[in-house]
Amino acid sequence: IIGQMVIVAGTALLQIVVMRPPLPTWRIRGVGDMTWFGIQAALGGVTYSVMRNIDYAIVGARLGAQQTGYYFRAWMVASEYPGKVTQIMQQLALPVYSRSDSLEDMRTLRVRIVRLHATVLYPCLALLAGLAPALIPWLFGSKWDGAVLPVQLLTASTMLGILSVGVGPLMLAIGKARLLMFWNMGGLAFYIGILLVTVSHGIVVI
């Protein structure tokens, strides 16, 4: 807890030093625009968070604790851990895109970001997929053998997802928070439908 407080305080101090906050003013039009944009961006973010966790609820309700444990372990190893690198990219992408002079510059940056992201993660993910049959039992014990094939399948899914990651910051940077919100809502509805159709066939099919 103390470490997290120090990080937040240090970050805030550095931000103040680099860019001193302006004195507050009251502009009705600006407040309205910012509030509406913020609401749409927040709803898009909440929808995305639900989409990232709804599968645990559905799998847990339909398949029980053991299969949910395998699914959770596979998802953590194949998606969440590589996602730590993605989080760094996501945090940097929005301010970088926002400072671009034109859409063409954003496109160029987008290509470079995706290329670098894939270059860093693809070799690690390919190695994980190949070593999973030996690596998962070695790391977590033989009781986790049921997570091996899901890890390999989710690794392939993560590799595909890398090519589309970072769309959120890009959409916000060009002022398309509403489009992002509807995109995430549509994705959530589609994802829930897929889960409900496949869950009775087990986690490998999911």
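The values are calculated or read from the model by the stated rules, or taken from the named source; none is laboratory data. A quick note: this is a predicted structure, and the numbers were derived from the prediction, not measured. Please note: Cβ atoms are built from the backbone with ideal geometry, for glycine as well, and neighbour counts cover all protein chains shown. To get the accessible areas, we keep the full protein, side chains included, count just its heavy atoms, and leave off ligands, DNA and RNA. Shrake-Rupley method; radii C 1.70, N 1.55, O 1.52, S 1.80 Å.
Just a few scattered comments:
- Global geometry of segment 98-183, whether rounded, prolate or oblate, following the gyration tensor of its Cα atoms and the 1.5 cut on a/c: prolate
- DSSP H segments from the chain that extend 27 Å or more along their own axis, Cα-based, with Kyte-Doolittle mean of -1.0 or above: 28-75, 103-140, 177-198
- When you filter the trypsin sites (Lys or Arg not before Pro) in segment 31-130 for DSSP loop state and at most 13 other Cβ atoms inside 10 Å of their Cβ, you are left with ARG99.
- Percent carbon-and-sulfur accessible area, the chain, ignoring ligands, DNA and RNA, probe 1.4 Å: 70
- Shape category assigned to segment 8-51 from the gyration tensor of Cα positions, a/c cut at 1.5: oblate
- Length added when fully stretched, ARG29-ALA118, from 0.36 nm per residue minus Cα-Cα: 27.9 nm
- Helical contribution to [θ] at 222 nm, DSSP H n ≥ 4, -39,500 (n - 2.57), averaged over the chain, rounded to 500: -28000 deg cm²/dmol
- Solvent exposure of the chain, expressed per residue, is 66 Å² of accessible area, with all protein chains present and a 1.4 angstrom probe.
- Here the contact order of segment 1-159, divided by its residue count and restricted to Cα pairs under 8 Å and six or more residues apart, works out to 26 percent.
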